[in-house]
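Asks: The structure that follows is given in the form of structure tokens.
Nothing in this text is a laboratory measurement; each read-out follows from the coordinates by a stated rule. Predicted model, so just to flag it, every value in this text is computed and none were measured. With ideal geometry, Cβ positions are generated from the backbone for all residues, glycine too; neighbour counts draw on all protein chains shown.
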Amino acid sequence: MAEDTQSTQVAVVGGGPGGYAAAFMAADLGLDVTLIDPEENPGGVCLYRGCIPSKALLHVSRLLSEAEEAKDWGVTFGKPEIDVDKMREWKNGVVGKLTGGLGQLAKARKVKHIRGMATFRDGKSVEITTHDDKKQTLSFENAILATGSYPTRIPKLWLDSERMLDSSSALDIESVPKSLLVVGGGYIGLELGSVYATLGSKVTVVEMTPTLLPGADRDLVSVLQKRLKGLFESILLKTTVTEMKEQKNGIKVTFEGDDVEKDTAIFDKVLMAVGRKPNSDKLGLENTNVELDDKGFVKVNEKRQTAEPTIFAIGDIAGEPMLAHKASHEGRVAAEIIAGKNVVYDPRAIPAVVFTDPEVAWCGLMEQEAKDEGREVKTAKFPWAASGRATTIGRNDGVTKIVIDAETDRVLGLGITGPNAGELIAEGVLAIEMGANAHDIGLTIHPHPTLSETIMGAADLIYGQATDYYRRQRK
Ligand code: NAD
């Protein structure tokens, strides 16, 4: 039987926030586009098993925490009744709405969607195994690789057991375990650990480095860490898991490290969240000139072009940071380049947000990174204890930190820890992209009373002139 062969101008492999943004942009620019992805609709890990479902669950968490805090505000709710099936249904409904919407947007733009998995035959064509197990060949003028990443497992620890969770299965909240061990104190461990803790699990986080969220600014993390100490059963830093064994009553875990009081403990479930790896190994890239680095990321230039001139790569597969919004931006740039525009991928700031409570968000160069680069910087921290709005929501523990170039006063970085930090950080990204200095932010009238005033406050504080907070000027 002859193989089904088709052709397209742009083949986009992978339908996550990178892939669908690229496909939609290419179609908007008049190109004929085919998107290859195994799911029924575009969305990728972010919509089906990542950002969106986790945020839906974190919204429930925040509500539970606020209901608890409301006691101090004169409102006492009864003990919450948690129906995990209903919660899962709601979360799946959120995912369905968004992915369904993307499916309609793809159709409206006449983006052809082939449900399946692609492998490259060469720099001009892919072979696709469709979801109903048929083979077809698609030839293209250009391809955009947007296959994302997968959760890393530590093979010597991973057990083939229903008690083991990864970031995907943890989102299904099959049950609320009495005790949960989270291995890895990064984005996923802290976000999902927070969900389970507010639902009632006793959560222990084990992190091998000396701090939660290694790499993030210490002044930002310390605020979160303090609050998580109250939410979690324990946080074990500079600690690793050396052994896990399943037994009748749970998983017996052996620890090694500085904070360990008891070197073994039994947990109902274990969530492993120790990072992600690029999906670059099963794509037939060896049949092309595409090159990988030693971590498996596809090597790209500033146009997101690989060593095979017809093939572009974007998103998690093209390197850190592995964030959906970075992927979307790269995808749009790659599509524009394919359409003949003279653009490059050159962001000055990529925001990062950890959606815990409080949220931690930052962009640009924070203090340590700037110092590591040998730059002279000035910093100011505006404490939320001095913010009227933070006080009205009972959250004086937040902080807004600004980092500026000591010579030019240009904003290099902004970091915020507190509720809604993820929304607030966009101002910092714009300031950095537009080359604003601290005066520009201080001279911008911010609405009162809002948390956004803390950004203006931090900028004013650089000059020792914040209205709501006094800091003696440094001589
Ligand atoms: P991560 O890199 O954020 O954190 C992994 C953590 O595990 C690190 O702190 C690391 O030191 C620790 N670790 C590694 N091996 C360990 C071991 N053997 N024992 C104990 N600790 C160990 O990775 P993640 O949380 O799995 O998230 C993966 C990626 O997904 C991130 O890079 C992030 O870009 C992305 N993500 C983003 C968001 C968001 O934007 N809000 C949310 C979730 C995930």
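Asks: Of the DSSP beta bridges with both residues in the chain, give the percent that are antiparallel, rounding to the nearest 5.
Replies: 60
Asks: Tell me, in nm to one decimal, what length is gained between Trp90 and Ile266 on full extension, where the rule is 0.36 nm per residue of separation less the Cα-Cα distance?
Replies: 60.2 nm
Asks: Let's see if you can work this out: charge +1 on each Lys and Arg Cβ, -1 on each Asp and Glu Cβ, no other charges. What is the dipole magnitude of the stretch 101-145 about its Cα centre, in debye to the nearest 20? It would help to have the intermediate numbers written out before the result.
Replies: On the way: 9 positive and 5 negative charges, 50 e Å.
The calculated dipole for the stretch 101-145 is roughly 240 debye.
Asks: Using the crude model of +1 on Lys and Arg Cβ and -1 on Asp and Glu Cβ, and no other charge, please compute the dipole size for the stretch 55-137 relative to its Cα centre, in debye to 20.
Replies: 800
Asks: Percent antiparallel among DSSP beta bridges with both residues in the stretch 164-274, to the nearest 5?
Replies: Approximately 45 percent, going by the DSSP bridge assignments.
Asks: Further question on the same structure: Place a +1 charge on the Cβ of each Lys and Arg in the chain and a -1 charge on the Cβ of each Asp and Glu, then give the dipole magnitude about the Cα centre in debye, rounded to the nearest 20.
Replies: Roughly 560 debye for the chain.
Asks: List the Cys residues of the chain that have no partner Cys with a C-beta closer than 4.7 Å.
Replies: Cys363
Asks: Which loop-located GluC sites (Glu not before Pro) does the stretch 68-167 contain, where loop means any DSSP state but H, G, I, E or B and the Cβ has at most 12 other Cβ atoms within 10 Å?
Replies: Glu81, Glu162
Asks: For the stretch 306-396, run through the chymotrypsin sites (Phe, Trp or Tyr not before Pro) and keep only the ones in DSSP coil with at most 13 other Cβ atoms within 10 Å of their Cβ. The partial results should precede the final answer.
Replies: Working: sites: Phe312, Tyr345, Phe355, Trp362, Trp384; in loops: Tyr345, Phe355.
In loop regions of the stretch 306-396 (DSSP not H, G, I, E or B), there are no sparsely surrounded chymotrypsin sites (Phe, Trp or Tyr not before Pro).
Asks: What are the trypsin sites (Lys or Arg not before Pro) within the stretch 366-426 that DSSP puts in a loop, where the Cβ has at most 16 other Cβ atoms within 10 Å?
Replies: Passing both the DSSP loop test and the Cβ count: Arg375.
Asks: Report the Cα centroid-to-centroid distance between the stretch 425-463 and the stretch 94-157 in angstrom, as an integer.
Replies: Each part reduced to its Cα centre gives a spacing of 41 Å.
Asks: If you don't mind, another one. Using the charge dipole of the stretch 352-461 (Lys, Arg: +1 at Cβ; Asp, Glu: -1 at Cβ; taken about the Cα centre), state which of Leu461, Met366, Gly413 has its Cα farthest towards the positive end.
Replies: After comparing all options, I get Leu461.
Asks: Taking square-rooted eigenvalues a ≥ b ≥ c of the alpha carbon gyration tensor, is the stretch 303-406 rounded, prolate or oblate, where a/c under 1.5 means rounded and, failing that, a/b exceeding b/c means prolate?
Replies: On the way: a/c = 3.15, a/b = 2.01, b/c = 1.57.
Prolate shape, in that a/c is at least 1.5 and a/b is the bigger ratio.
Asks: Quick check: from the Cα gyration tensor, does the chain come out rounded (a/c under 1.5), prolate or oblate?
Replies: Taking the square roots of the gyration eigenvalues as a ≥ b ≥ c, the chain is oblate.
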